[in-house]
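Chemist: Quick one: the structure is below, questions incoming.
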Amino acid sequence: MLLGMARDLSCHAAMFFGTSSSRYSTESGFYRADKLTPGTDQENEMTETPEHVLKSVFGYDSFRPMQREVIQNVLDGRDTVAVMPTGGGKSICYQVPALIMKGLTIVISPLIALMQDQVSQLEELGVPAVFLNSSLERDAYFTTCRKIRDGKVKLLYISPEGLNTQKMQDLLHSENIHVDCITIDEAHCISEWGHDFRPDYMEIAGLRNTFPRAVCLALTATATKIVQTDIAEQLHMENPAIMVSSFNRPNLYLEVKRKDRALSQIENFLNDRPDQSGIIYCMSRKHVDELFTELNGRGFSVSRYHAGLSDEIRSENQKAFIQGKKDIMVATVAFGMGINKPDVRFVVHYDLPKSIEQYYQEIGRAGRDGLPANTLLLYSPADIHRIRYFFNEKEDPSKDERLLQAMVKYAEAKTCRRHFLLSYFGESYNPLEIENPCCCDVCSKGDVENNDMTIASQKYMSCVLRTKQRYGASYVIDVLLGAKTKRILENGDNKISTWGIGKDMSKQDWLELNSCLLDAGYLNKTDDYNVISVSPYGYRMLRERQKIMLPIQPHKNRTVQSFPKKKTVYLIDENDEEGIRIAEDLRAWRRNLADEMNVAPYIIFADKTMFDIASKKPKDMDELLRCSGIGETKAKKIGKEILRIVNEG
């Protein structure tokens with residue numbers, strides 16, 4: 001299936017954008033034919049600038065934060081570790097230099113999906129890029145190898161597993177191949193301190209030794225300081241530049257809700273966002289299958305993805321989601337790494353992620369186009385036990401436990417979630433210095449006044465004591481609500497004085513109270529099993545019957561503002577009727593063309609480009625080239641159609 005998609009995209013690239021390989025050939029192009037390996041004296045003699053390549057090929061007028069600095073390091077031959085948020089434009093950091101340098105750029109990527117997505121977009125721009133992996137049939141594999149040996153390829157995408165094979169080593173050491181750059185994407189996978197360590201990444205250092213004059217660029221969206229240092233050491237970098245961009249994604253709305261009838265919560269969330277594209281992450285294949293069945297039965301445009309499905313079904317489902325034929329993807333963590341679909345408007349976590357790094361990476365798949373997007377995490381303490389179950393299979397679970405506890409603290413935070421995330425990655429955050437200040441569920445509530453929660457707190461702490469301080473919050477709350485679970489009946493806790501005295505409050509309100517009591521120091525909680533107990537301070541408040549004031553209000557009275565729930569998020573004035581007409585006509589034309597080409601609509605141009613065209617209303621080709629995302633190749637091939645749509649009104 002992937003082979004077929006690759007062939008289709010290749011054919012469409014020639015048909016739609018034309019063949020422009022001569023522009024990038026070894027005889028001419030964005031680099032000097034006599035340019036030497038990075039780090040040589042002739043390095044600064046390149047005739048093309050990164051700015052020119054960015055505009056003429058990719059259609060952008062300016063670089064995003066830190067991109068230009070990273071690109072210059074690569075061109076100067078300096079090894080670099082670059083930490084940039086998902087959606088921050090990491091691929092530009094090696095694609096632009098690849099079109100300037102003489103030789104081959106190798107991109108090591110962990111997933112076939114990433115290679116497929118990147119190569120598809122580059123092919124549509126006329127850039128000679130290929131991937132080599134197990135999805136290619138024998139003939140296609142050898143044809144691709146011949147192109148590489150003949151110097152007709154600028155970017156080669158391979159997996160770390162494929163890199164270590166003898167046939168790959170033989171190919172890369174062919175007589176006419178000169179490796180200028182080695183790029184490692186998802187570079188946190190090389191560090192044992194990272195959240196997704198992969199042993200195959202350890203072999204990449206051997207490639208560095210084989211091509212010592214090739215510059216090395218390591219890219220990741222999630223790396224703490226210790227991981228950044230470890231990446232440089234594992235890759236044998238000498239005097240590397242370690243560059244960290246801001247982790248702040250101001251277009252993402254951060255929200256956490258206690259899990260309470262999760263299916264209804266998901267359904268309500270989706271009903272508020274009709275026809276929007278989004279991902280729902282689940283902890284297990286079982287949860288994926290169950291949620292997919294329920295949502296599909298309720299009429300939602302939904303697909304699913306997990307390792308239990310066949311390669312063919314996963315590929316078909318992924319293609320349907322990327323091309324916009326299915327709105328929602330329900331998936332395990334196996335889905336999404338490297339998927340460059342820019343118009344994902346929401347990411348929902350049905351279960352608690354195992355680490356902040358995983359969570360941050362996954363929510364980063366929303367709003368890659370820079371337009372507003374929502375994130376929602378449904379949190380239940382029961383998720384902690386399910387995650388911890390897998391720790392028992394490891395010799396040293398301490399690192400995993402540390403990562404999990406940080407994730408729990410984020411889910412239970414009563415202060416700005418954006419501040420929490422940025423602080424975790426070592427970045428300060430001052431909303432007063434930000435043009436678009438924090439947008440999270442905690443801050444959107446505004447200042448919550450302290451309310452008298454004395455009676456409820458006394459009930460709760462008394463129940464903790466009556467149940468002998470041996471359980472977590474969920475069990476204590478079940479006792480307060482008068483539940484008759486098997487565990488409560490077996491323990492005889494249906495006979496204690498606090499059983500059923502809390503029916504005047506909802507489970508959500510009790511959970512909120514539990515969090516506030518923990519934050520205020522009335523309760524303690526163990527790190528291993530989240531068992532709660534009354535602190536000495538809490539004992540004193542109970543004994544002396546002092547008033548307990550907490551920043552809490554009944555759940556039913558809370559209102560939380562999120563980003564717009566309508567399908568279309570415009571970057572143009574809502575009163576600009578002509579602009580809206582142009583945007584919608586362009587959207588429909590793009591959809592039809594994408595269907596004919598069997599590609600995703602964003603391959604033709606992104607929503608941001610569509611809105612920029614609609615806003616600027618270009619009258620001729622020169623004005624069209626001033627629109628974001630319109631380079632020379634696109635303008636030449638589809639410019640007339642775009643101008644026709646703009647001017648036909």
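The values are calculated or read from the model by the stated rules, or taken from the named source; none is laboratory data. Note that this is a predicted model, so its numbers are computed, not measured. So basically every Cβ, Gly included, is an ideal-geometry build from the backbone, and we count neighbours across all protein chains shown. We work out accessible area using only protein heavy atoms, side chains counted, and drop any ligands, DNA or RNA first. Shrake-Rupley method; radii C 1.70, N 1.55, O 1.52, S 1.80 Å.
Chemist: Would you call A373 out of contact with any Gly (no Cβ under 7 Å at 6 or more places or on another chain), buried (at least 17 other Cβ atoms within 10 Å of the Cβ) and within 23 Å of D607 (Cβ to Cβ)?
Modeler: Taking the combined requirement at face value, the residue does not satisfy it.
Chemist: Could you please find all residues in segment 474-515 being in a helix (DSSP H, G or I), open to solvent by less than 30 Å² (accessible area, probe 1.4 Å) and either touching a Phe, Trp or Tyr at 6+ places or on another chain (Cβ under 8 Å) or among the basic types (K, R) (or both)?
Modeler: V476, I477, V479, L480, I488, W510, L513, N514
Chemist: Now, a different point. Any residue at all in segment 564-584 that is closer than 27 Å to S120 by Cβ, at pLDDT 90 or above, open to solvent by less than 60 Å² (accessible area, probe 1.4 Å) and part of a helix (DSSP H, G or I)?
Modeler: Yes, the conditions are met somewhere in segment 564-584.
Chemist: Which of the residues belonging to segment 187-211 are more than 14 Å from I106 (Cα to Cα) and part of a loop (DSSP other than H, G, I, E, B)?
Modeler: S191, E192, W193, G194, H195, D196, F197, R198
Chemist: Going through E233, E238, E294 one at a time, which residue ends up being charged (D, E, K, R) and touching a Leu at 6+ places or on another chain (Cβ under 9 Å)?
Modeler: On inspection, the qualifying residue turns out to be E294.
Chemist: Still on this model: If I ask for residues that are open to solvent by less than 20 Å² (accessible area, probe 1.4 Å), more than 25 Å from the chain's Cα centre (by Cα), over 24 Å from E51 (Cβ atoms) and modelled with pLDDT of 85 or more, which ones from segment 591-649 would you list?
Modeler: A614, I645, V646
Chemist: Give the residue, chosen from V244, V215, V256, that is farther than 27 Å from E512 by Cα, under 23 Å from the mean Cα position of the chain (by Cα) and of a type in the set (A, V, I, L, M).
Modeler: It is V244.
Chemist: Identify the residue in segment 164-181 that is free of Cβ contacts under 8 Å to residues at least 60 places away in the same chain and farther than 13 Å from G206 by Cβ and, among all such residues, is surrounded by the fewest Cβ atoms within 10 Å (Cβ to Cβ).
Modeler: Going through the qualifying residues, I end up with E175.
Chemist: Out of the residues in segment 387-404 that are at pLDDT 70 or above and basic (K, R), which is nearest to M283 (Cα to Cα)?
Modeler: Step by step, filter segment 387-404, then rank; the result is R388.
Chemist: Oh, and also: Here are the criteria: (1) among the hydroxyl-bearing types (S, T, Y); (2) out of contact with any helix residue (DSSP H, G or I) (no Cβ under 8 Å at 6 or more places or on another chain); (3) under 24 Å from E233 (Cα atoms). Tell me which single one T144 does not satisfy.
Modeler: Status for T144: all satisfied but (3).
Results for (1) of a type in the set (G, A, S); (2) without any contact (Cβ under 8 Å) to a residue 60 or more places away in the chain; (3) outside any helix (DSSP H, G or I), shown as yes or no for each residue.
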| position | (1), (2), (3) |
| --- | --- |
| T609 | no, no, no |
| S615 | yes, yes, no |
| G629 | yes, no, yes |
| K634 | no, no, no |
| I642 | no, yes, no |
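Chemist: Across segment 323-366, which residue is surrounded by the most Cβ atoms within 10 Å (Cβ to Cβ) among those that are in contact with a Lys or Arg (Cβ under 7 Å, 6 or more places away or on another chain) and under 20 Å from H419 (Cα atoms)?
Modeler: A366
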